[in-house]
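Data block below; observations after.
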Amino acid sequence: MSDDTQFSELAAIKESRRLSSVWLVPIIALGIGLWFVYYQLSNQGPMITIAFENAEGLEAGKTKIKAREVDIGLVKNIKLNEDLSGVVITAQMSKEAEDMLTENTEFWIVTPRISLSGVSGMSTLLSGPYINMEPSLEGDPESDFIARIEPPVTPIGTPGLHITLNSNDEFAFEKGDAVVYKGLKVGEFEDIYFNLEERVVYYNVFIEAPYHRLITKNTRFWNVSGINFELGANGLEVQAGSVETLLTNGVTFGVPEGMSLGERITERDYFDIYADYQAASDQRYKRGVKFALMIEDTVRGLKVGAPVEYRGLVIGQVVEINPEFYSEQIILDEGYSIPVIIEIQPGRVQQPDTDEGVEFVKQQTLHWIDRGFRATLETGNLLTGALYVDVDIYPEMAPPETLENFMNIPVIPTIPEEFGQITEKMNQILNKVNQMPLDDIGKNANQMLKQFSDTASSFEATSNNADKVIIAEMSKTLAEVNRLLADYQQGSVTNTEINRTMKSVQQLLGDLQPLIKQLNRAPNSLVFPPAESTEVEPKGNQ
Amino acid sequence: MNPMNRTLVLVSLLVLLSGCASQPESISYYLLHSPDNAAELSKPQAQQKVVLRSLELAEYLQNRHIVMQLASNKLQFSNKHRWAENLHTGVEKALLNSLNRQSDKALYLSPRQLGDENAVELFVELKHFLITNDSTALVSGNFWLKGQKDGSSIQSFNIKRDLNSDGYPHAIDQLRSAIDKLAEKINKTL
């Protein structure tokens with residue numbers, strides 16, 4: 001082999017312009033990865049934030065968000081808000097929940113709750129708390145929410161009517177308290193807020209369908225919490241609502257008797273809560289004519305709201321007793337008359353509840369004052385001593401010289417109250433008793449007693465003699481009765497005779513029995529010979 | 001009407017009336033206990049006194065008709081053959097008579113004959129006391145004694161006597177014989 005061996009051909013190296021098919025593997029992997037990312041992003045729901053007062057029981061990555069017990073989201077992050085007054089959680093919602101997240105959507109934490117209105121959230125004892133969402137499809141889309149502190153009493157979307165009740169009185173209603181109608185629970189108190197400026201408590205109440213159709217412009221609400229005992233001029237009144245309101249609180253409603261039903265309420269409206277039905281019913285009489293009574297006796301037992309009656313019919317009420325701003329006289333002045341302001345309501349005396357009605361009642365009352373129209377305090381209930389104002393016409397009364405006014409209110413003259421009249425009459429009787437010649441009467445009485453004593457002694461002597469005679473006669477009679485009874489005792493001659501006679505009668509009846517039976521069977525057998533006897537005779541064994 | 005016709009009418013009426021005359025039904029009366037063999041009530045050697053405290057007859061026996069059973073559920077109350085006295089009295093007398101005749105050890109008395117002294121009490125219930133259509137005199141029921149030292153339970157009896165000849169007199173004799181048999185059973189129990 002020589003050194004100069006030459007290679008006849010050299011390898012031609014050229015750069016390849018084609019990519020190797022090996023690259024297909026990472027490209028496909030990248031494509032799949034990108035598709036996963038796209039799929040994940042396209043199916044992911046929105047991220048929302050919810051503000052809570054605190055994050056008690058919530059855990060990032062664990063706490064779920066549910067709507068109607070269906071998982072629709074997961075808490076991703078929990079952090080304090082900027083002013084440290086609460087916490088903000090960030091939650092990843094599912095794609096399906098996107099449309100439900102509107103400005104009306106509400107969130108709250110579900111934990112075990114025990115209240116008078118029921119027990120809820122017991123399942124979270126084992127599973128841990130979760131965030132419940134009350135979805136709403138109405139309103140603009142929203143991604144930042146403020147959670148409710150407590151779950152809503154009535155789920156959103158429940159058919160019915162939301163109304164607002166208010167009260168100046170010392171009622172204390174709580175969330176969940178019942179609204180009852182004729183003993184049925186028809187609604188609940190949802191929430192309460194106190195208006196500091198008005199100093200009035202407002203209660204938002206929900207009336208369930210179909211009972212919400214009972215709410216009209218003339219509907220009145222009144223308190224039926226527990227059992228109400230009222231000792232008034234009409235005696236003891238006991239009022240109670242349903243069993244639930246006996247234990248908790250509650251209101252009921254209705255249209256007072258005599259009022260029209262009125263127009264139905266379809267949107268939120270405001271109503272007052274009255275202390276009882278009577279107070280609610282009285283509110284229909286909006287106008288009244290005020291009159292003053294100047295009472296010289298005691299007003300103990302008279303209350304604001306006490307009825308004013310005319311011959312037993314209620315025509316008004318007491319509106320004020322001893323007005324605070326009355327300063328013409330002071331209580332300790334001699335002959336101080338206690339002013340009592342009453343109101344006669346035109347609506348109660350068959351007059352329109354208008355200015356014309358008011359004017360008519362005023363003029364008519366002033367006219368009657370000249371004819372003997374007088375007021376008096378009467379005892380409505382002897383047990384409680386509750387008083388009411390009774391007005392009536394006393395024709396024998398002389399008309400007042402001048403018509404008095406008290407703080408520009410006309411005064412109806414008064415006559416002493418019932419007990420006052422009795423006391424006066426008792427005084428008159430006692431005066432007459434004092435004038436009686438008691439000494440002479442006493443002497444006569446003594447004499448009469450002596451005579452009576454003598455008569456009694458004579459009577460006693462007579463009766464002693466009578467006793468002896470009567471006892472002797474009775475002994476004699478009893479002896480004769482004994483002798484008579486002995487004649488009838490068992491074994492006596494009379495008894496034996498009676499027994500013998502009874503037996504004879506029995507025997508006779510026994511003898512007559514076949515004849516009676518025969519006549520019964522064949523009435524003509526006395527005249528015509530009876531048919532051949534069909535009686536079977538005993539046969540011997542042959 | 002001439003006298004001849006009048007006589008003819010009267011004779012005709014008498015003849016017609018005589019046709020209505022009827023022979024009254026004759027009734028036979030029977031006595032259950034026999035006056036011929038009355039027992040002696042003075043028994044010096046009697047060790048025990050037994051009082052027939054109660055004798056109860058079935059409802060259908062509380063009359064004076066002699067009852068005959070024609071079928072298992074059919075009875076005949078005879079109108080022509082009757083007990084001379086109340087059946088209760090008759091059975092009481094017949095039973096006490098039989099008991100006293102058969103026993104020297106015990107003296108059987110009715111409650112009326114017993115004084116204040118203690119005695120064994122006898123209770124008898126008669127369910128059937130009749131003649132049957134298959135030639136038998138039947139007496140059945142229960143009896144029990146109270147006041148015995150060894151106590152006593154209720155005993156049932158169902159005594160039948162065949163009829164050997166026709167007619168009620170023989171049947172009554174067989175019923176009386178059945179009462180004797182009952183007395184024998186009671187004496188054995190005592």
Select from the stretch A:339-353 the residues that are closer than 16 Å to A:R311 by Cα and either in contact with a helix residue (DSSP H, G or I) (Cβ under 8 Å, 6 or more places away or on another chain) or not in a helix (DSSP H, G or I) (or both) and list them in ascending order. A:I344, A:Q345, A:V349, A:Q350
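Every residue, every condition in (1) modelled with pLDDT under 85; (2) within 11 Å of another protein chain (Cβ to nearest Cβ), yes or no:
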residue: A:T462; (1), (2): no, no
residue: A:S525; (1), (2): yes, yes
residue: A:K539; (1), (2): no, yes
residue: A:Q542; (1), (2): yes, yes
Selection from the stretch A:330-353 of residues that are modelled with pLDDT of 80 or more, open to solvent by 10 Å² or more (accessible area, probe 1.4 Å) and of a type in the set (V, I, T): A:I338, A:V349
If B:N118 satisfies all but one of (1) assigned to a strand (DSSP E or B); (2) surrounded by fewer than 16 Cβ atoms within 10 Å (Cβ to Cβ); (3) of a type in the set (S, T, N, Q), what's the number of the condition it fails? (1)
Tell me, yes or no, whether the stretch B:125-134 has at least one residue that is closer than 23 Å to B:A58 by Cα, more than 14 Å from chain A (Cβ to nearest Cβ), open to solvent by 40 Å² or more (accessible area, probe 1.4 Å) and touching a His at 6+ places or on another chain (Cβ under 9 Å). no
Could you count how many residues in the stretch B:158-190 are under 19 Å from B:K93 (Cα atoms) and in a strand (DSSP E or B)? 1
Give the residues of the stretch A:486-518 that are away from chain B (no Cβ under 14 Å) and either more than 25 Å from B:L87 (Cβ to Cβ) or of a type in the set (S, T, N, Q) (or both), sorted by residue number. A:A486, A:D487, A:Y488, A:Q489, A:S492, A:V493, A:T494, A:N495, A:E497, A:T501
B:S152 is checked against (1) away from chain A (no Cβ under 14 Å); (2) assigned to a helix (DSSP H, G or I) and fails just one. What number does that condition carry? (2)
Go through the stretch B:53-65 and give me each residue that's within 30 Å of B:L107 (Cα to Cα) and open to solvent by less than 70 Å² (accessible area, probe 1.4 Å). B:S54, B:L55, B:L57, B:A58, B:L61, B:N63, B:R64
So, first residue on the phi < 0 side of the Ramachandran plot and of a type outside the set (A, V, I, L, M) in the stretch A:362-390, second residue at pLDDT below 85 and assigned to a helix (DSSP H, G or I), Cβ within less than 7 Å, six or more apart or across chains; the pairs are A:E378/A:E418; A:T379/A:E418
Only one of these is open to solvent by 90 Å² or more (accessible area, probe 1.4 Å), within 14 Å of another protein chain (Cβ to nearest Cβ) and farther than 24 Å from B:Y30 by Cα: A:R521, A:R483. Name it. A:R521
On the basis of being open to solvent by 80 Å² or more (accessible area, probe 1.4 Å) and modelled with pLDDT of 80 or more, does A:P395 make the cut? yes
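The values are calculated or read from the model by the stated rules, or taken from the named source; none is laboratory data. Nothing here was measured: the structure is a model prediction, and the numbers come from that model. Note: ideal-geometry Cβ built from the backbone for every residue, glycine included; neighbour counts use all protein chains shown. SASA here: full protein model, heavy atoms, side chains in, ligands and nucleic acids out. Shrake-Rupley method; radii C 1.70, N 1.55, O 1.52, S 1.80 Å.
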